[in-house]
Amino acid sequence: MKQVDTKFIKLNTAIPGPRAQEILARKESSVPRGPFTTAPTFVVKAEGALLTDVDGNTFIDFAGAIGSMNVGHCPAPVVDALKEQLDQYIHTCFHVMMYEPYIQLAEKLNEITPGNHAKKTFFLNSGAEAVENAIKIARKYTGRKAVISFERGYHGRTLLAMTLTSKVRPYKYEFGPFAPEVYKMSYPYYYRAPYSATPEEMDEMILQRFNDFFLGDVAPDDVAAIIMEPVQGEGGFVVPSKAFVQGVKRLCEKHGILFIADEVQTGFGRTGKMFAMEHFDVEPDLIVMSKSIGAGLPISAVTGRAEIMDSPNPGEIGGTYGGSPLGCVAALKVIEMMEEQNLPARAQVVGDKIISAFKRFQERFREVGDVRGLGAMCALEIVKDKASKEPDKDLTAKIVQACNRNGVVILSAGLYSNVIRILSPLVITDEQLEEGLAVMENVLEEHCSAN
């Protein structure tokens, strides 16, 4: 493979290097096989969109800790806030003695999430935990049990979240039985539309299918909530139309079903707006957040209409570490940075540059089948050829591995594991972005066929 002139990527050794290989050997004997890793090395320093490993190799980060680092690694305002908080108190448990940052963050999320109605917010540790609690709240408020999620959707790895998730391997295989009263509906995938249907026809077909679903599977007055990712993340960065999302919301309103937006990956500026639902002009009843809310600190949130959020009685929702002081002060600084630096607008600039490069890749290489995205949530789909659209999981894995070896940390996704997704920090510089994309193009040139 030809060399790319690099200013930011510094590769002193092969990947993994000698020190990383030593630690990998220790990992094999001390950590189970289950936790998968994409880059076979170990970080010692991270700043902005750059990662440096134990062998002194520096990488451009196109993965962003699976979308958790929208404000970049170790942003100074967040680091300073954490240091100040560490000198005051680390944890008291909000259920024992409360602390003001929890209230400040709840007030801020009530203000910035979609909708002008009265809202309330509470905090947890992870996206999956927030999803589970949003479902609990929906069931409590409506008195109903059934929940609908979507094909290819991803909502987490805990029991109920895993049940909502729609991919057997690696998430569900041999981990059953699953939670009851969870149903799946179709979600538009325009690139793979059956019978060459137009996007409009596909939207209408799926929305009409709800009528049969409510007759044949579960009555609408038994459904507590429909949970939707406004852009499917692990499902392959599949973007629906505004008409589809609004159509689902109308169905919810017609039948008294709560609309839950899972914005764990799409939130906090990723798609070019603070929350992806703003693109669709839909106000969810409940919104689930995590990942980039805390710049790497484990915290998640559920925000919703005040009357819905107040339906659980005292003690019925919560958790020992939910809304930790460190997570709250980090999140407050993250939101401040996003507003002051207008990072959602920067996401659109980053996304435009990525999509422009991806379209060039699509024109050059036979195996780049589709290019799609919203803001800086961008992906390309790898196929065996453009005519058949047959997914090529093996080639995708080779491309990801080659990018990692050449200094760009990157991830795959999709039901068929054939989608390459970009979740770089939004603070990535134009130079860093262009260098990373040049490495990607070089890798594709080595592994793909010319059109």
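Only the coordinates and a few stated rules stand behind these numbers; no lab work does. This is a predicted model, so every value here is computed, not measured. Cβ: placed from backbone, ideal geometry, glycine included. Neighbour counts: every protein chain shown.
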Quick one: Debye curve from the alpha-carbon atoms of the stretch 49-168 only, equal weights, vacuum; give me log10 I(q)/I(0) at q = 0.13, 0.14, 0.15 Å⁻¹ to two decimals.
-> -0.85, -0.97, -1.08
For the stretch 308-353, inverting the pair-averaged 1/r of distinct alpha-carbon atoms gives a Kirkwood value in Å of 13.6 Å
Note down the magnitude of the dipole of the chain about its Cα centre, charges +1 on Lys and Arg C-beta and -1 on Asp and Glu C-beta and zero elsewhere, to the nearest 20 debye.
-> 820 debye
Share of pairwise Cα separations in the stretch 215-358, more than 27 Å, in percent = 30 percent
Averaging sequence separations of C-alpha pairs under 8 Å and six or more residues apart, then dividing by the length of the stretch 38-182, give the relative contact order as a whole percent.
-> 11 percent
Using packing as a proxy for protection, rank 240-248, 85-93 so that the peptide with the highest average count of other Cβ atoms within 10 Å comes first.
-> 240-248, 85-93
So the FRET efficiency between GLU434 and LYS45, C-beta based with R0 = 35 Å and rounded to 0.05, is 0.95
Roughly speaking, what is the centre-to-centre gap between the stretch 251-300 and the stretch 194-236 when only Cα atoms are used, to the nearest Å?
-> 18 Å
Förster radius 25 Å - calculated FRET efficiency between VAL168 and ILE66, Cβ distance, rounded to 0.05 | 0.80
Which FRET efficiency value, to the nearest 0.05, is calculated for ALA450 and ALA397 with the Förster distance at 22 angstrom and r the Cβ-Cβ distance?
-> 0.55
Assign unit charges at the C-beta atoms only (+1 for Lys and Arg, -1 for Asp and Glu), then state the dipole size of the stretch 77-341 relative to its Cα centre in Debye, rounded to the nearest 20.
-> 580 debye
Please sort 287-294, 152-159, 222-229 by packing, taking for each peptide the average over its residues of neighbouring beta carbons within 10 angstrom, highest first.
-> 287-294, 222-229, 152-159
Would you mind calculating the relative contact order of the stretch 77-341 from Cα pairs under 8 angstrom and at least 6 residues apart, reporting the percent as a whole number?
-> 31 percent
Surrounding charge for VAL368, neighbours by C-beta under 11 angstrom, Lys/Arg +1, Asp/Glu -1, total -2
Check LYS45: other-chain or 5+ apart residues with amide H under 5 Å from its amide H, H built from backbone geometry?
-> THR52
With contacts defined as alpha carbon pairs under 8 Å and 6 or more residues apart, what's the relative contact order of the chain in percent?
-> 23 percent
After finding the eigenvalues of the alpha carbon gyration tensor for the stretch 312-436, what semi-axes result from the square roots of 5 times each, listed largest first in whole Å?
-> 34, 20, 14
